[in-house]
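The values are calculated or read from the model by the stated rules, or taken from the named source; none is laboratory data. Everything quoted here is computed from the prediction, not taken from an experiment. Glycine also receives a Cβ, built like all others from the backbone with ideal geometry; neighbour counts cover every protein chain displayed.
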Amino acid sequence: MKGYFALGISIITEVFGTTMLKISDGFTHLFPTLGVMIGFGTAFYCLSLSLKTIPLSLAYAIWSGIGTALTALIGVLLWNEPFSTITLGGLILIVGGVALLNSSHTSKEARSS
């Protein structure tokens with residue numbers, strides 16, 4: 001369970017860092033630039049902690065998939081980036097793919113027990 005907690009923190013801080021990246025305007029604003037460094041530094045540290053108990057393929061799929069989906073939603077909500085049924089479909093496919101990877105790892109663990 002600690003691994004998934006660390007992974008959750010990693011996702012949140014990666015999304016924070018990515019949001020600060022947009023606000024930093026090419027690293028021309030100090031505080032958002034510091035937010036990028038803190039966000040990504042924390043994200044990678046927590047991701048490394050999660051890898052102690054979660055397989056790499058699963059952790060990275062969850063991290064990148066959910067991070068991508070959340071970042072897309074933030075873009076829509078904060079910067080009025082376009083959102084269409086195609087965008088929604090893409091987000092559903094990302095989350096569905098992560099769910100499938102998770103279920104394949106869960107069934108493999110159940111068979112080996």
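See the values below:
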read-out: Any hit, the range 77-87, residues being β-branched (V, I, T) and under 13 Å from I11 (Cα atoms); value: no
read-out: For L56: the one exception among (1) surrounded by 15 or more Cβ atoms within 10 Å (Cβ to Cβ); (2) at pLDDT below 95; (3) closer than 18 Å to A6 by Cα; value: (1)
read-out: Selected residue [within 18 Å of K22 (Cβ to Cβ) and touching a residue at least 12 places away in the same chain (Cβ under 8 Å)] from L78, L58; value: L78
read-out: Filter pass, S48 being part of a helix (DSSP H, G or I), surrounded by fewer than 14 Cβ atoms within 10 Å (Cβ to Cβ) and of a type outside the set (D, E); value: yes
read-out: One residue from F31, F83 being assigned to a helix (DSSP H, G or I) and either surrounded by 14 or more Cβ atoms within 10 Å (Cβ to Cβ) or not aliphatic (A, V, I, L, M) (or both); value: F31
read-out: Selection within the range 1-54 - under 22 Å from A72 (Cβ atoms) and aromatic (F, W, Y); value: F16, F40, F44
read-out: Only listed residue being among the hydrophobic types (A, V, I, L, M, F, W, C), touching a Leu at 6+ places or on another chain (Cβ under 6 Å), at pLDDT 90 or above and in a helix (DSSP H, G or I), chosen from A43, A69, A61; value: A69
read-out: Positions within the range 1-46 being among the acidic types (D, E) and under 18 Å from L58 (Cα atoms), in sequence order; value: E14
read-out: Qualifying position, being assigned to a helix (DSSP H, G or I), exposed (fewer than 13 other Cβ atoms within 10 Å of the Cβ) and either within 18 Å of the chain's Cα centre (by Cα) or among the basic types (K, R) (or both), among G17, G97, G75; value: G97
